[in-house]
1. Check the range 250-257 and report whether any residue there is outside any loop (DSSP other than H, G, I, E, B), at pLDDT 95 or above and either open to solvent by 10 Å² or more (accessible area, probe 1.4 Å) or of a type in the set (Ser, Thr, Tyr) (or both).
2. Select from the range 281-323 the residues that are part of a helix (DSSP H, G or I), open to solvent by less than 10 Å² (accessible area, probe 1.4 Å) and over 18 Å from GLU47 (Cβ atoms) and write down the one among them that is modelled with the lowest pLDDT.
3. Mind checking which residues of the range 177-188 are touching an Asp or Glu at 6+ places or on another chain (Cβ under 8 Å) and closer than 17 Å to GLY147 by Cβ?
4. Any idea how many residues of the range 352-363 are open to solvent by less than 20 Å² (accessible area, probe 1.4 Å) and out of contact with any strand residue (DSSP E or B) (no Cβ under 7 Å at 6 or more places or on another chain)?
5. Go over the candidates LEU65, LEU104, LEU111 one by one and state the one that is under 15 Å from the mean Cα position of the chain (by Cα), of a type outside the set (D, E, K, R) and in a loop (DSSP other than H, G, I, E, B).
6. So which residues in the range 334-381 are among the basic types (Lys, Arg) and either free of Cβ contacts under 8 Å to residues at least 12 places away in the same chain or closer than 21 Å to PRO290 by Cα (or both)?
7. Sort out which residues of the range 60-104 are touching a strand residue (DSSP E or B) at 6+ places or on another chain (Cβ under 7 Å) and open to solvent by 50 Å² or more (accessible area, probe 1.4 Å), and write them in order of number.
8. Working only within the range 236-249, note down all residues that are within 17 Å of GLY189 (Cβ to Cβ) and either without any contact (Cβ under 8 Å) to a residue 60 or more places away in the chain or open to solvent by 10 Å² or more (accessible area, probe 1.4 Å) (or both).
Amino acid sequence: MRRRRYLQAAALGASGLAGCNALDQGTETPTDTRTPTVSPTATPRDEAPAVDPPAYMELLPKPHLKGTEETSDATFVRVDWDWYLSHYDSEMRFGATSEEDWTLEANAGNLNDTPPPTYRLLHTPVGSTIQVAGVIANVIPKFPNLGPELVRQCGLEMVNESGQEGSRAGYTSNQTAEVAEIVSYAKPGYTFFIGLNADSLKNALSGNDKRTPEGYPDITFYAGGGRMSGRLLFISEGWEKPVLLVETADTNDEEVTVPFERVTGAGSTESVSSVESVKWCLSEFVQDLPVQVGQINGGRSKFPNSTYVQSPIRSLKNYDTVFTGLDIQNGINATAQVVTSNVEGNAPTIEELMDLYGSNDGQVQTGYRPSVSHLLNRWSR
């Protein structure tokens, strides 16, 4: 009964259909400041520079990420999936990590047994990446029909029968993967799979309860099936790339209309990129980093039951939104960035960012304006 209401809720409040295209991904070059400096006195507030957000961010609804109110659940994670699979079990040999023992593998103790990397700048993007991989390895396999096909498109394979309580998947290789990006947010628990083989998924889901909302031929809603029949998923071929949304944690029926409106362009739901504090962060964020984590208006990434502590930003003051990003190449070279914004007052100073995220090695770049500050560090072997 809940599922029937859920599928009906998909089309509520939706009217009109607008095309959605990928946006240019321009970046801003950080200012070199090897020596931490005390931030200048605040100047009158300026408007955030106009910067095109990355395409995936336009899928993320402002209401779900609470862009107008503070909540600890307002977080999102985006992972370039080919990059992840290519570095799944890479040995880390850059900087101080050469003396440590951790990888990006799911189900290998990297969250629960192994201490996080020495560099605090890596904690949030590394921990968030492993969490996303854990969803693919441990939650998606519980969906009958969907599970085996989706984990295959994610470069994994079933370890045991799908649809069971203990169903899980293991890594194979990036050669079998078709998914381009995976994006998730904390509450409600939705995960987007971007750039997949929609026809193969539809074939796998042919036996599931489904519905195509009137006026939206490019979207099909499905019930999860089996023990996951209380979960929803939908496939959209109306975006710039095919998109699958999966309810990876229980949500309220009406909440599905929000991502539905973002994917179709129906209604008036804005994306999280319209939040002023997000705009400021985007003005300094390096958008081609494979891992991108947004903590919006007080949101904090959380790592329960793990060796990771809650996101290090808990030590910062005077911030609205924090972006962190990460790139690692072959375990030898790494780049990580943190960007902080404050719409009404001064952003955290460079000195504060250095105290929390700085390291004694690598190449450090920082920059400060009253509304936004950032730190970028590069390490090599």
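1. Looking through the range 250-257, none of the residues is outside any loop (DSSP other than H, G, I, E, B), at pLDDT 95 or above and either open to solvent by 10 Å² or more (accessible area, probe 1.4 Å) or of a type in the set (Ser, Thr, Tyr) (or both).
2. Per the stated criteria, the residue is PRO312.
3. Selection gives ALA177 alone.
4. Here the count works out to 1.
5. Of LEU65, LEU104, LEU111, the one residue that is under 15 Å from the mean Cα position of the chain (by Cα), of a type outside the set (D, E, K, R) and in a loop (DSSP other than H, G, I, E, B) is LEU65.
6. Within the range 334-381, ARG378, ARG381 qualify.
7. Within the range 60-104, none qualify.
8. Residues satisfying the conditions are LEU245, GLU247, THR248, ALA249.
The values are calculated or read from the model by the stated rules, or taken from the named source; none is laboratory data. Note that the structure is a prediction, hence the values are computed from the model and not measured. In this analysis, Cβ positions are derived from the backbone assuming ideal geometry, glycine residues included, and neighbour counts consider all displayed protein chains. Note: accessible area is taken over every heavy atom of the protein model, side chains too, but ligands, DNA and RNA are not part of it. Shrake-Rupley method; radii C 1.70, N 1.55, O 1.52, S 1.80 Å.
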